[in-house]
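Undergrad: Below is the structure I would like to discuss, written out as structure tokens.
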Protein chains: 2
Amino acid sequence: MLVIHHLGISVSERVVWLCEELGIPYELKIYQRDPKTNLAPAEYKALHPFQTSPVIDDGDVRLSESGAVIEYILNKHASEQQRQSITVSKDDKDYADYLYWEHFTDASLHGSMMLNSTVMRLTGGQIEHETLKNLANRLYLGYEMLEKRLKNRKFVAGEKFTIADLLLFFPISTMRNFIPIPKSLDNYPNVKDYIQRLGDRDAYKRTVQKADPQRGFVSKL
Amino acid sequence: MLVIHHLGISVSERVVWLCEELGIPYELKIYQRDPKTNLAPAEYKALHPFQTSPVIDDGDVRLSESGAVIEYILNKHASEQQRQSITVSKDDKDYADYLYWEHFTDASLHGSMMLNSTVMRLTGGQIEHETLKNLANRLYLGYEMLEKRLKNRKFVAGEKFTIADLLLFFPISTMRNFIPIPKSLDNYPNVKDYIQRLGDRDAYKRTVQKADPQRGFVSKL
């Protein structure tokens, strides 16, 4: 049985969500953050040397890193039909876009959000250094791309819900509990609708109900 | 014909390297950084809305993001045999480790390096905030993991050179031209040997010769 070590209100909600979308059985072990510091408890940090969420166990295999965990589950625990239902095949017209958004989220958007938040905290917004300013502002390029991409599209890869949406949802919704940047999403109406649409999925509602029941259904906009 | 838009001394060297490893034909378009600011020139930024390297063209498809570009080339331009030669199959004992390191590099290590560098630049090393300190220090957890992983292993996934190595090489070697952190690699002898071993590959030497001939063969340790 697949074991998901879920750190409360964290990126491991993606793994629970994937299993709920596809109906893959799993055992859930929940760890709560320190109420004062919001950091992971010592037991969670001890699970993996990089000390980040998500972490899964599958027999002798212990694995971390969202992209790796999702690919592992799709290839080891999902049927070919299940896998195809949530990915885009290489012969599909949306294949390159799917790949882009699938990789963009954790490799670029997440880092840009962390960097922006850190720079703002340390400078109070007064950034003199040109390179640093460019890096800190890159996050907004990401939001602008996403806003444009979601015009007349329900999902980021194209016509169906895929792994690219499943990855993207966390940084633009749940992560706003920790780092609410941009401060407002009013300039990104398509992104707002998209967050609502994804948060309304039955599998996501079950995810929150099981993994973070104290939070309520819809992620903070 | 696949077109690789290569920004000098940047992450797009990975794409050239992949094609050199597998013998996939490509056309190289080289763009030089501004000699004063080290930033990409306006023509490079104009290629893609997120303004980062790498960028490729393949007919009507324009694609960015290392992980996406590599997966795209493997699935659209490589034979099944070529693809297998540089990846690890899901039934292999090293599969989970391969997935971990493949995803870890851009999703976690790169961001930790950028964050550490930024925090150090802005604070001069005096970090009061506990969460920020943890984030800035995470990079060293990554190096420790890698050092341990490379004990008695030639490559990070296991016995053969894979996409995981191809991704990992840039942040621990070439990126040291911009952000030399950790300052010294003396505490990581296995990592140093690994950098030397990867830099000595014929396909990598051809990559530097074609993409960044002014740099010389071996990346800065």
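The values are calculated or read from the model by the stated rules, or taken from the named source; none is laboratory data. Bear in mind the structure is a predicted one, so any value in this text is a computation, not a measurement. When we count neighbours, we look across all protein chains shown, and the Cβ atoms used for this are built from the backbone with ideal geometry, even at glycine. SASA here: full protein model, heavy atoms, side chains in, ligands and nucleic acids out. Shrake-Rupley method; radii C 1.70, N 1.55, O 1.52, S 1.80 Å.
Undergrad: List, largest first, the extents of the alpha carbons of chain A along their principal axes, each in whole Å.
TA: Principal extents (largest minus smallest coordinate, Cα): 52, 46, 30 Å.
Undergrad: Now for a separate question. When each copy gets a label point 7 Å from Cα toward the beta-carbon at B:Asp57, what are the spacings between them in nm, shortest first?
TA: The answer, with the shortest distance listed first, is 5.3 nm.
Undergrad: Please give the length that would be gained between B:Ser85 and B:Asn190 if that part of the chain were fully extended, namely 0.36 nm times their separation in residues minus their C-alpha to C-alpha distance (nm, one decimal).
TA: Numbers: separation 105, 0.36 × 105 = 37.80 nm, distance 2.42 nm.
In short, 35.4 nm is gained.
Undergrad: Divide by every residue of chain A the summed helix terms, -39500 (n - 2.57) for each DSSP H run of at least 4, and state the resulting mean residue ellipticity at 222 nm, rounded to the nearest 500 deg cm²/dmol.
TA: Helices in chain A give a 222 nm mean residue ellipticity of -14500 deg cm²/dmol.
Undergrad: Right, next: Could you list which residues have their amide H under 5 Å from that of A:Ile30, counting only those 5 or more apart in sequence or on another chain, with H placed in the peptide plane?
TA: Hits under the 5 Å cutoff: A:His6.
Undergrad: With a 1.4 Å probe and all protein chains left in place, how much accessible area per residue does region A:95-201 have, in Å²? Spell out each step's value before the answer.
TA: Working: 4260 Å² over 107 residues.
About 40 Å² of surface per residue is accessible.
Undergrad: I would also like to ask the following. Just to confirm the numbers: B:Asn177, label point 7 angstrom along the Cα-Cβ line, distances to the other copies in nm, shortest first?
TA: Here the equivalent label points are 4.2 nm apart from this one.
Undergrad: I would also like to ask the following. Between region B:169-201 and region A:163-204, what's the alpha-carbon centroid distance in Å?
TA: Using only Cα atoms to place each centre, the spacing works out to 37 Å.
Undergrad: How long is the gain from B:Lys183 to B:Ala203 if the chain were fully straight, where each residue apart is worth 0.36 nm and the alpha carbon distance is subtracted?
TA: Extending this stretch completely gives an extra 4.4 nm.
Undergrad: Name the long-range amide H neighbours of A:Leu2: under 5 Å, sequence gap of 5 or more, or other chain; modelled H, no Pro or chain starts.
TA: A:Glu27
Undergrad: Tell me, what HN-Hα J-couplings in whole Hz come from the Karplus equation 6.51 cos²θ - 1.76 cosθ + 1.60 at θ = phi - 60° for each residue of region B:81-95, using x for Gly and Pro?
TA: So the J values, rounded to whole Hz, are 5, 4, 4, 5, 5, 10, 10, 10, 7, 5, 9, 7, 4, 8, 4.
Undergrad: Starting at the first residue of region B:52-63, write each ³J(HN,Hα) from the Karplus equation 6.51 cos²θ - 1.76 cosθ + 1.60 with θ = phi - 60°, in whole Hz, x for Gly and Pro.
TA: Rounded to whole hertz, the list is 10, 8, x, 9, 10, 10, 9, x, 7, 8, 10, 9.
Undergrad: Here's another thing I want to ask about it. Hey, what do the phi angles of region A:181-190 turn into as Karplus ³J(HN,Hα) couplings, whole Hz, using 6.51/-1.76/1.60 and θ = phi - 60°, x for Gly and Pro?
TA: Along region A:181-190, the couplings run 10, x, 4, 10, 9, 4, 7, 10, x, 5 Hz.
Undergrad: Put the label 7 Å from Cα along Cα→Cβ for B:Lys154; what are its distances to the other copies, in nanometres, shortest first?
TA: Label-point separations across copies, in nm and ascending: 5.0.
Undergrad: Now for a different question. Which percent of Cα-Cα pairs in region B:95-201 sits in each 5 Å bin, short to long?
TA: 2, 12, 23, 25, 19, 10, 6, 3, 1
Undergrad: Give the shape of the protein assembly as shown as rounded, prolate or oblate, defined through the alpha-carbon gyration tensor: a ≥ b ≥ c are the square roots of its eigenvalues, a/c under 1.5 means rounded, and otherwise the shape is prolate if a/b is larger than b/c and oblate if not.
TA: rounded
Undergrad: Pick from B:Ser117, B:Ser108, B:Ser184: which residue has the top mean-square fluctuation in a GNM of chain B where Cα pairs under 10 Å get a spring?
TA: Greatest mean-square fluctuation among the candidates belongs to B:Ser184.
Undergrad: With contacts defined as alpha carbon pairs under 8 Å and 6 or more residues apart, what's the relative contact order of chain A in percent?
TA: After rounding, I find 22 percent.
Undergrad: What is the distance, in nm, between label points placed 7 Å from the Cα along the Cα-to-Cβ direction at A:Glu159 and at A:Glu128?
TA: Between A:Glu159 and A:Glu128, the label points sit 5.6 nm apart.
Undergrad: Taking 35 Å as R0, compute the FRET efficiency from the Cβ-Cβ separation of B:Leu39 and A:Asn38 and round it to 0.05.
TA: 0.50
Undergrad: Pick from B:Arg121, B:Arg153, B:Arg83: which residue has the top mean-square fluctuation in a GNM of chain B where Cα pairs under 10 Å get a spring?
TA: B:Arg121
Undergrad: For region A:2-86, compute the orientation-averaged projected area of the C-alpha convex hull (one quarter of its surface), in nm².
TA: Its Cα hull, projected and averaged over all orientations, spans 5.4 nm².
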